[in-house]
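These notes are about the structure you will find just below.
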């Protein structure tokens with residue numbers, strides 16, 4: 001993850017995902033809480049990160065949003081983190 005302006009960059013090592021899937025109108029929202037490896041050190045301004053992955057009804061990814069304490073944050077996911085989440089969602093057939 002990294003903060004806007006490419007500040008506080010780190011690569012999160014997810015060890016577990018806890019999904020919740022909700023359909024709302026034309027969107028499928030996958031909320032992911034996760035656990036990190038002991039080697040993942042969060043920046044001081046990132047308290048309780050989670051993810052919202054938004055899909056359209058055809059199953060195409062529209063956005064990956066970093067939440068902190070349940071609301072949008074100034075952080076973004078790296079391409080590698082997005083790939084790990086998408087692989088989990090696909091393997092678990094959540095979409």
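Here are the criteria: (1) assigned to a loop (DSSP other than H, G, I, E, B); (2) under 24 Å from residue 7 (Cβ atoms). Tell me which single one residue 94 does not satisfy.
Here residue 94 meets the rest and fails (2).
Being under 18 Å from residue 24 (Cα atoms) and touching a residue at least 12 places away in the same chain (Cβ under 8 Å) is the filter here, so list the residues in the range 47-59 that pass it. Please lay out each step first, then the result.
So in the range 47-59, the residues under 18 Å from residue 24 (Cα atoms) come out as 51-59.
If the condition is that a residue be under 18 Å from residue 24 (Cα atoms) and touching a residue at least 12 places away in the same chain (Cβ under 8 Å), then 51, 52, 53, 54, 55, 56, 57, 59 are the ones that fit.
Would you check which residues across the range 47-59 are loosely packed, with under 15 Cβ neighbours inside 10 Å and farther than 16 Å from residue 22 by Cβ and list them?
Of all residues in the range 47-59, those loosely packed, with under 15 Cβ neighbours inside 10 Å come to 47-48, 56-59.
Matches in the range 47-59: 47, 48, 58.
Does residue 45 meet the test of being more than 16 Å from residue 79 (Cα to Cα) and modelled with pLDDT under 95? Walk me through how you get there before you give the answer.
Details: more than 16 Å from residue 79 (Cα to Cα): yes; modelled with pLDDT under 95: yes.
It is true that residue 45 is more than 16 Å from residue 79 (Cα to Cα) and modelled with pLDDT under 95.
I'd like the residue in the range 15-46 that is assigned to a loop (DSSP other than H, G, I, E, B) and touching a strand residue (DSSP E or B) at 6+ places or on another chain (Cβ under 6 Å) and, out of all such residues, is surrounded by the fewest Cβ atoms within 10 Å (Cβ to Cβ). Talk me through it step by step, then tell me what you get.
Filtering the range 15-46 down to residues assigned to a loop (DSSP other than H, G, I, E, B) leaves 25-26, 37-46.
Checking the rest, the ones that are also touching a strand residue (DSSP E or B) at 6+ places or on another chain (Cβ under 6 Å) come to 37, 46.
Numbers: 37: 10, 46: 18.
The qualifying residue surrounded by the fewest Cβ atoms within 10 Å (Cβ to Cβ) is 37.
Out of curiosity, is residue 74 under 16 Å from the mean Cα position of the chain (by Cα), touching a residue at least 60 places away in the same chain (Cβ under 8 Å) and surrounded by 10 or more Cβ atoms within 10 Å (Cβ to Cβ)? Before you say what the answer is, go through the steps one by one.
Values: under 16 Å from the mean Cα position of the chain (by Cα): yes; touching a residue at least 60 places away in the same chain (Cβ under 8 Å): yes; surrounded by 10 or more Cβ atoms within 10 Å (Cβ to Cβ): yes.
For residue 74, the condition - under 16 Å from the mean Cα position of the chain (by Cα), touching a residue at least 60 places away in the same chain (Cβ under 8 Å) and surrounded by 10 or more Cβ atoms within 10 Å (Cβ to Cβ) - is met.
Of 88, 55, 64, which residue is under 22 Å from residue 2 (Cβ atoms) and assigned to a strand (DSSP E or B)? Steps first, answer last, please.
Numbers: 88 fails: assigned to a strand (DSSP E or B); 55 fails: under 22 Å from residue 2 (Cβ atoms).
The conditions single out 64.
Identify, from the list 62, 7, the residue that is without any contact (Cβ under 8 Å) to a residue 24 or more places away in the chain and surrounded by fewer than 16 Cβ atoms within 10 Å (Cβ to Cβ).
Details: 62 fails: without any contact (Cβ under 8 Å) to a residue 24 or more places away in the chain.
Of the residues listed, the single one that is without any contact (Cβ under 8 Å) to a residue 24 or more places away in the chain and surrounded by fewer than 16 Cβ atoms within 10 Å (Cβ to Cβ) is 7.
The values are calculated or read from the model by the stated rules, or taken from the named source; none is laboratory data. Being a predicted model, the structure only gives us computed values, none of them experimental. Note that we place each Cβ from the backbone using ideal geometry, even for glycine, and neighbour counts take in every protein chain shown.
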